[in-house]
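The values are calculated or read from the model by the stated rules, or taken from the named source; none is laboratory data. Since this is a predicted model, take the numbers as computed values, not measurements. Here the Cβ positions follow ideal geometry from the backbone for every residue, glycine too, while neighbour counts run over all protein chains shown. The protein model used for the area step is the full one, side chains on, heavy atoms only, and it has no ligands, DNA or RNA in it. Shrake-Rupley method; radii C 1.70, N 1.55, O 1.52, S 1.80 Å.
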Amino acid sequence: MAQALVGMVIMVAEGIELGHGLGNLAALAAAVGFAAFTIVLRWGKLEDMMPSVLWSGVFAILLGAVVCYAEGHGLAISWHDILIALAMGVFQLGLGLTLYTIGSKVVPAGELALLSMTEVLLGPLWVWLFLGETVAFYTLLGGAILLFAIAVNALSGLRRKPNPVM
């Protein structure tokens with residue numbers, strides 16, 4: 001986990017800018033929220049935690065609405081944007097969180113969090129491949145460190161016998 005943290009810090013250090021405190025704070029809040037979600041999933045691993053995925057979506061909608069109105073924007077958007085949001089909500093977030101929730105029954109919270117870092121790792125790759133953006137050297141260096149941490153964790157997990165699910 002410490003190695004993964006070093007990789008993450010190296011990846012995002014360039015992007016942290018003074019004067020963008022609200023955006024940096026929002027990113028930190030998202031990370032803390034996801035960490036709390038992971039802990040709650042492991043805490044309730046013997047129960048059906050699928051409603052937590054629904055509630056996370058409800059809270060995200062409410063918070064998004066509050067931010068939109070606080071910034072002076074309404075909630076009216078085009079049908080094109082609605083379809084994009086629905087597709088991302090169902091496939092990118094909904095399916096991903098559903099699979100994450102199912103996996104949380106047998107994977108320890110620390111490993112869940114480390115595995116979720118693959119999203120952070122692959123994000124710059126997708127942007128480079130599909131949108132042609134250039135990837136900074138430190139993003140690649142931090143990503144390599146993070147990938148190494150994930151690989152070491154995965155390989156060390158092969159030697160451990162998982163706890164049976166009740």
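Beyond 16 Å, how much of the Cα-Cα pair distribution for the range 67-146 remains, as a whole percent? That tail contains 69 percent of the Cα-Cα pairs. In this rough spin-label picture, where each label sits 7 Å from Cα along the Cβ direction, the residue 86-residue 29 distance is 2.8 nm. When all protein chains stay in place and ligands, DNA and RNA are ignored, the 1.4 Å accessible-area order of 11, 117, largest first, is 117, 11. Phi-derived couplings, Karplus 6.51 cos²θ - 1.76 cosθ + 1.60 at θ = phi - 60°, listed residue by residue for the range 55-61: 5, 5, x, 4, 5, 5, 5 Hz, with x used for Gly and Pro. Taking 0.36 nm per residue of separation and subtracting the current Cα-Cα distance, fully stretching the chain between residue 43 and residue 93 would add 15.9 nm.
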